[in-house]
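Structure in C-alpha cells, see below.
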Amino acid sequence: MGKATSERCEDSVSLTNGILSGERLLGPAAFDERLRRAASAFAALGVRRDDCVAVLLRNDFPFLEASLAAQRLGAYAVPVNWHFKAEEVHYVLTDSGAKVLVAHADLLAGLRGAVPAGVTVIEVPTPPEIVQAYRVTPEAARPAPGARIWDELIAAHPPQDGPPAPASDSMVYTSGTTGHPKGVRRKPATEEERIKVEEMRNLVYGFRPGMRTAIAAPMYHSAPNAFSLRAARLAELFIVMPRFDPEAVLAAIDKEKLTHLWLVPTMFVRLLKLPAEVRARYDVSSLQFIIHAGAPCPPDVKEAMIGWVGPIVHEYYGGTESGPVVFCTSAEWLAHRGTVGKPIPGSHVEVQDDNGNELPAGQQGEIFMRISYYPDFTYHNLPEKRREIDRKGLITCGDVGYFDEDGFLYIRDRKRDMVISGGVNIYPAEIESVLAALDGVRDCAVFGIPDAEYGEALMALVQPLEGRTLAPEAIRAELRQHLADYKVPKHVEVRQELPREDSGKIFKRVLREPYWQGAGRAV
C-alpha cells in the first residue's frame, strides 16, 4: 500500500464535486439554495434567533441543510441521537424547547407520542442508501399520510436573502452524571472570535480549499457535527456515508481521491482488521490528512495506521464543552509515544491537584482547559452544572493526566465514571438508575472494561434481592425497552454480593481492577 501523498490530487477537478450520498449528488449552488429556502421555511414556522430546531436524522443532506439553515437564523440546531428511545427523545425535545423537529420517516415510527405538543414535525423520506445500510422496510421509509415533507416545504419558500445572523454552534446534548443528557449551549461568536475559531478548526481538521473528504461517523455527535458542517461549506467533495464500513471507506478514497478523513480509533481497528488482500485493492495515496479524536487510541493501533498510510495521522484532545484544545502531529506522536499533543495557540491547559494547584511536569492530576477565543457556554437549563466543572476560569472533562518535560500532554485516567466505547461517551449513572428500578434488583454497578474493537465495553454487575433469581439476558432485554442499544451493557453478571466502601457506596474501583490488570490504564 503506497504512502499518502498529495501528488495525485491534481486530477481531482475531473472527479465528482459537491455533496454526495449514495447515488445522489448535490452541487454547491443547489445546496446553498436549499439551505436558504430551508431558513425561510423555518422562519415561516416561527423559528427566531436563539430558538431550537431538533434534527433526528441519520447522515443525509437534510441533516446539513436543516442545521445550517437554523444557523442562518441565529437559532440552534439540536442534533438528536437517533439511537434514543421514546422517553430519551421526549426529554431532549422538551428540555431544548425545540419548535421544529426534522426527522427521517423510519425514525419517527414509535416516537410520535414522544413529540411534545406544539413541536412542528417535518418528515424526510428515508433515502435508498440508508434503507440499504440499516435494512429499513419500504413501508417505514415512507412518510406518514398528511405529513409535512422536507423537500415540499423548502420548495414552497423563496431563498432567504441578505446576510445570515451570527451563527451559533449546534446545541449538542452530552450525557452527565445526573442521568440526563445536558445541552451544551454556546454563545454566538463575535466576528473576531469567529475568525480565530475557523483558524483553529483549519489547524486541527487540516481544512483547506479543494479538500475532498467523507464522514462515516454519526453527525449527531459533537466532533463529527462540527467537522461536517464546516466541510459541507468548504470541501470540493464531501461524501456523506450512512454508516462506517471499512471497505466502503477505502473504495471511496480510491475512486474519489479523498484527501482528508475524520475517524475514531475504533475505525482504525476495523480498517486494520481487513485482510491484506482487501486493503491492497485500494489506492490510498491521495490522502493528505487524517484526524482522530473521541477516545484514546492504543499505541500499537496508531503505529500500524502510520505505517500503512504514512505520517499523516494526527490527533486532537478536547470535549464538547471545551472544543479542541490540544493537537498532535504524527511526527510529534512518534517522538512522544502515547501523547495527545501540545496546547494549540490561544488555549490554556493545566494539570491540577484536588485543591486547584497547578502541578509540575511529571505529576498526575485533573486536566482543566480553556481556549481564550472560543465562546463560552452553559448547560441549557442547568447553569449550576456548568459551575461544577469550572475552576479558575478553566473547565474539566474529568480526565486525569500529566505533562512531560517537553510540554506534551498524556491522558492516564478519568476522574469520573464515564465510559468511552467506540468514541461514544456513556455515563453509567444513567444506566444504573434504570437498572436499579428493575424488578428483583437490589443494587448494581456499571463500568467500562477493555474491548479489543471499541476500546471499552460496558459491564454491569447486578445484585439481586434476597431469594430472587435474575438472568443476564432478561436484564439486557429489559434495559433495551428504556435505553438506546449502545447504552445496554455488553456484559451482565449477577452477583450475590458487591463490595462496598465504609459509607455503603459500591466500591467500583475494586470491581474494575481485575478487568484492567495488564491493560496499561489505571482504574
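Which value in deg cm²/dmol, rounded to the nearest 500, describes the helix-derived mean residue ellipticity at 222 nm for the chain, given -39,500 (n - 2.57) per DSSP H run of n ≥ 4 and division by the residue count? Present the calculation step by step, with values, prior to reporting the outcome.
Working: 18 runs with 162 residues, N = 523.
Helix contribution divided over all residues of the chain: -8500 deg cm²/dmol.
What's the longest uninterrupted piece of the chain once you rule out the GluC sites (Glu not before Pro) that are loop residues per DSSP with at most 13 other Cβ within 10 Å?
24-404
Only counting other Cβ atoms within 10 Å, I'd like D443, D254 sorted with the fewest neighbours first. Could you put the intermediate results ahead of the total?
Details: D443 18, D254 15.
Exposure proxy ranking, most exposed first: D254, D443.
What's the FRET efficiency of T190 with E513 using the Cβ-Cβ distance as r and R₀ = 51 Å, to the nearest 0.05?
According to the calculation, E is roughly 0.60.
Let me ask something else about it. Among the DSSP beta bridges whose two residues both lie in the chain, what percent are antiparallel, rounded to the nearest 5?
60
Starting from the Cα coordinates of the range 1-152, work out the convex hull volume and express it per residue in Å³. Provide the component values of the computation, followed by the final result.
Working: hull volume 23.9 nm³, N = 152.
Taking only Cα atoms, the range 1-152 has a hull volume of 157 Å³ per residue.
Lysines within cross-link reach of K508: Cα-Cα under 19 Å, excluding same-chain residues under 8 positions apart?
Within the straight-line limit of under 19 Å, K508 reaches these lysines: K415, K487, K490.
For the range 419-516, just the Cα set please: Rg and Dmax, both in angstrom.
13.0, 39
Would you give the gap between the C-alpha center of the range 214-291 and the C-alpha center of the range 426-455, rounded to a whole Å?
Their Cα centres are 32 Å away from one another.
With +1 on each Lys and Arg Cβ and -1 on each Asp and Glu Cβ, and nothing else charged, work out how big the dipole of the chain is about its Cα centre, in Debye to the nearest 20.
I would put it at about 580 debye.
With the contact rule set at Cα under 8 Å and sequence spacing of 6 or more, what percent relative contact order holds for the range 419-516?
In percent, rounded to a whole number, it is 26.
Next up: Of C397, L382, Q363, which is farthest towards the positive pole of the range 342-416's charge dipole, taken about the Cα centre with +1 and -1 on the beta-carbons of Lys, Arg and Asp, Glu respectively?
L382
Quick one: Karplus J couplings for the range 401-411, per residue in order, coefficients 6.51, -1.76, 1.60, θ = phi - 60°, nearest Hz, x for Gly and Pro?
x, 7, 9, 8, 5, 8, x, 8, 8, 10, 9
Taking R0 as 56 Å, what FRET efficiency do you get between E473 and E33 from their Cβ-Cβ distance, rounded to the nearest 0.05?
0.60
Where the only charges are on Cβ atoms (+1 Lys, Arg; -1 Asp, Glu), what is the dipole of the range 7-310 about its Cα centre, to the nearest 20 debye?
Magnitude of the dipole: close to 500 debye.
In nm, what is the difference between 0.36 nm times the number of residues separating K415 and D245 and their Cα-Cα distance?
57.9 nm
Of the trypsin sites (Lys or Arg not before Pro) in the range 85-137, which ones lie in a loop per DSSP and count no more than 13 other C-beta atoms within 10 Å?
In loop regions of the range 85-137 (DSSP not H, G, I, E or B), the sparsely surrounded trypsin sites (Lys or Arg not before Pro) are R135.
If you don't mind, another one. Please report how many Lys pairs in the range 7-310 have alpha carbons closer than 28 angstrom, counting only residues at least 8 apart along the chain or sitting on separate chains.
Qualifying lysine pairs in the range 7-310: 11.
In sequence order, what are the phi-derived ³J(HN,Hα) couplings for the range 327-342 according to the Karplus relation 6.51 cos²θ - 1.76 cosθ + 1.60 with θ = phi - 60°, rounded to whole Hz, with x for glycine and proline?
Residue by residue, the range 327-342 yields 9, 9, 7, 4, 4, 5, 5, 4, 7, 9, 3, x, 6, 9, x, 10 Hz.
Show me the trypsin sites (Lys or Arg not before Pro) within the range 214-293 that DSSP assigns to loop and that have at most 13 other Cβ atoms within 10 Å of their Cβ.
Numbers: sites: R230, R233, R243, K255, K257, R270, K273, R279, R281; in loops: R243, K257, K273, R281.
Those satisfying the criteria are K273, R281.
If you don't mind, another one. Along the charge dipole of the chain, pointing to its positive end and built from +1/-1 on Cβ of Lys, Arg, Asp and Glu, which listed residue (Y173, G27, P428) has its Cα farthest out?
G27
About the Cα centre of the range 419-516, what is the dipole size in debye to 20, counting +1 per Lys and Arg Cβ and -1 per Asp and Glu Cβ, all else neutral?
60
Since every read-out is calculated from the coordinates, none of them should be taken as a lab result. Quick caveat, the model's predicted, so the values are computed rather than measured. No Cβ is skipped: glycine too gets one built from the backbone with ideal geometry, and neighbour counts run over all protein chains shown.
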